[in-house]
Amino acid sequence: MSQPSIHEAGLPGRATVVPDRVPGNMRAAILHGREDVKVERVEVPKLGEDDVLVRVHVALTCGTDLKVWKQGFHERMIKPPALFGHELAGVIVETGSAVDGGVRTGMRVVPSNSAPCETCFYCRKDQPNLCEDLLFNNGAYAEYIRIPGRIVRRNMLEIPDNVSFQDAALVEPLACVLRGIHETGIRSGETVVVIGCGPIGLGFIRMLSVRGTRVIAVGKRPSQMRAAERLGAIATFDVAEIENLVAQVKQLTEGGRGADAVIEAVGRAETWQWALAMVRKGGAVQLFGGCPRGTEVKIDPSVLHYSEVAIKSSFHHTPRFIREALDAIVRGEVRAADFVTGEAPLSELPAVFQQMKNRNGELKTAIIP
C-alpha cells in the first residue's frame, strides 16, 4: 500500500488515514464453523454502485459474536464460511458511483450491522427490527469492510470530531439496550433489577442509572460487581455468595413488594424464573437474554394473571435507536473505557475468543486490524 495521503488519526479531532489507493487483498477473520475462526488473507470486497468501503479502525468483541462462534453459525445473521464481526468504527476510503455526495471519502463513520427494508408488513407496522427482509452485514474483524447501500442510506452515521473510534463502536450494542429500556416502559425514580453483568447488562445499568432509576445488579463474580457499582448500581448481589437471592433482592424494594421492572440479560431458564419472582404486581419483566432453542421455562400462570405482570422481549435495534445511541455517546453518558478491558491485534482474534469462552472476567476487547 502506498503512504497515507494525510496523517494518522486515532484520536478525535485529528486527521484520519485515507490511503492513496486501496490494496487488492486484506487480512480478515473468517468463521468456518463451531469454534473455528481463522485470520486469512482475502480479496478486499468489491463495491456495488451504492456501497462504500470502510477502513476499520476498531472492532469490538461482543457476546453475540461469542455465541455465534460457539455454535458455528447464526440462523439469520451469518452462515459459514463467512466474514465475521459486526461492532466497528472506521473511515470511508472508497464509494460506489451512485453514492450520495454527502457521503464522502475520509468521513469517520459508524455503520450499523443491519438495515430494514422499510416496505414490508413489519416495517409498515413500525417494527423494523422484525423486518421480513432485514439486511445483516458482517466483516468487522478485518482491515476493510463493505457497507451495503441500504445500510449506507439508512443506518450509517458520521462520527462527530469529539468522539473516538472506540466510543463510536459502542453504538450498536447501546442501541439494543436503549430499545430494551423503551419497550419495558421504565421511568425515572423506579427500582429496576438487572440480572446479568456482562457488557449488555452493564449497559443497562449505566443507562438506567443515568436516567434516574434505582438499579440493583445481580451477577456472579467480584469483577462484575465492581463494574456494576462503578456504572451506577445502588446494590449488587453475587449469586455465588447469596442464598435465597429473590428474597434478599426484594428486601431492597419498597415494602418488599418487588422491583418495578426486571431486566434479564443472561438467557437461562433459571434467571428467567428469578426475574418473574423479583418483580412486583403490575410490574414488567424484560426477557432480553435469549435462551437456547429448546429451553423450557416453568411459569406460574397466576403470577401473570392475578399480579398483572407484563412480559416483554426486545430483539435487535432500529434506526431510531442507533441514532439515540450515538447521541448518548456524544453527551458522554457512555464511554468505551467503561466496557473495553483490553486491546489486541487482528492476528490474536482466535485466542481472544478462547479467552472469552473461559469467562475470565474481561468485558470487551478492542480488535485493532
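The values are calculated or read from the model by the stated rules, or taken from the named source; none is laboratory data. Please read these numbers as outputs of a predicted model, since none were measured by experiment. Quick reminder, even Gly has a Cβ in these numbers, built from the backbone with ideal geometry, and neighbours come from all protein chains shown.
Those residues that are among the hydrophobic types (A, V, I, L, M, F, W, C), more than 29 Å from Val42 (Cα to Cα) and surrounded by 14 or more Cβ atoms within 10 Å (Cβ to Cβ), I need them from the range 335-350; list them, please.
Those that are among the hydrophobic types (A, V, I, L, M, F, W, C), more than 29 Å from Val42 (Cα to Cα) and surrounded by 14 or more Cβ atoms within 10 Å (Cβ to Cβ): Ala336, Phe339.
Among the listed residues Arg280, Arg320, Arg293, which satisfies the condition of being charged (D, E, K, R) and part of a helix (DSSP H, G or I)?
None of the others qualify; the one that does is Arg320.
List the number of the failed condition for Glu49; all other conditions in (1) at pLDDT 95 or above; (2) touching a strand residue (DSSP E or B) at 6+ places or on another chain (Cβ under 7 Å) hold.
Glu49 satisfies all of (1) at pLDDT 95 or above; (2) touching a strand residue (DSSP E or B) at 6+ places or on another chain (Cβ under 7 Å) except (2).
Which helices (runs of 4 or more DSSP H) does the range 41-156 wholly contain that include 3 or more residues that are surrounded by 17 or more Cβ atoms within 10 Å (Cβ to Cβ) and aliphatic (A, V, I, L, M)?
Fully inside the range 41-156 and qualifying: nothing.
Yes or no: Ser314 of a type in the set (Ser, Thr, Tyr) and surrounded by fewer than 16 Cβ atoms within 10 Å (Cβ to Cβ)?
No.
Please go through the range 270-291 and give me each residue that is at pLDDT 95 or above and among the small types (Gly, Ala, Ser), ordered by number.
Within the range 270-291, Ala275, Ala277, Gly282, Gly283, Ala284 meet the criteria.
Being more than 20 Å from the chain's Cα centre (by Cα) and hydrophobic (A, V, I, L, M, F, W, C) is the filter here; which residues of the range 94-147 pass it?
Once the filter is applied, which keeps residues that are more than 20 Å from the chain's Cα centre (by Cα) and hydrophobic (A, V, I, L, M, F, W, C), the range 94-147 yields Ala98, Val99, Val103, Met107, Cys117, Cys120, Phe121, Cys123.
How many of the residues in the range 32-73 are hydrophobic (A, V, I, L, M, F, W, C), within 19 Å of the chain's Cα centre (by Cα) and under 17 Å from Glu143 (Cα atoms)?
4
Taking into account only those residues within the range 219-244 that are out of contact with any Leu (no Cβ under 7 Å at 6 or more places or on another chain) and hydrophobic (A, V, I, L, M, F, W, C), which is surrounded by the fewest Cβ atoms within 10 Å (Cβ to Cβ)?
Once the filter is applied, the top-ranked residue is Ala240.
Among the residues of the range 70-98, write down those that are touching an Asp or Glu at 6+ places or on another chain (Cβ under 6 Å) and of a type in the set (A, V, I, L, M, F, W, C).
Ala98
Check whether at least one residue in the range 11-20 is in contact with a Pro (Cβ under 6 Å, 6 or more places away or on another chain), outside any strand (DSSP E or B) and either at pLDDT 95 or above or not acidic (Asp, Glu) (or both), and report yes or no.
Yes: the range 11-20 contains one or more residues that are in contact with a Pro (Cβ under 6 Å, 6 or more places away or on another chain), outside any strand (DSSP E or B) and either at pLDDT 95 or above or not acidic (Asp, Glu) (or both).
Residues of the range 76-98 being closer than 24 Å to Arg320 by Cα and modelled with pLDDT of 95 or more, which ones?
Gly85, His86, Glu87, Leu88, Ala89, Gly90, Val91, Ile92, listed by residue number.
Just to check your reading of the model, which residue among Leu304, Leu245 is in contact with a Phe, Trp or Tyr (Cβ under 7 Å, 6 or more places away or on another chain) and aliphatic (A, V, I, L, M)? Lay out the reasoning, then the answer.
Working: Leu304 fails: in contact with a Phe, Trp or Tyr (Cβ under 7 Å, 6 or more places away or on another chain).
Testing whether each residue is in contact with a Phe, Trp or Tyr (Cβ under 7 Å, 6 or more places away or on another chain) and aliphatic (A, V, I, L, M) leaves just Leu245.
For the range 328-360, how many residues meet the condition of being closer than 19 Å to Leu170 by Cα and assigned to a loop (DSSP other than H, G, I, E, B)?
Looking only at that region, the number is 6.
Does the range 177-216 hold any residues that are of a type in the set (S, T, N, Q) and more than 10 Å from Gly232 (Cα to Cα), and which are they?
Across the range 177-216, the qualifying residues are Thr184, Ser188, Thr191.
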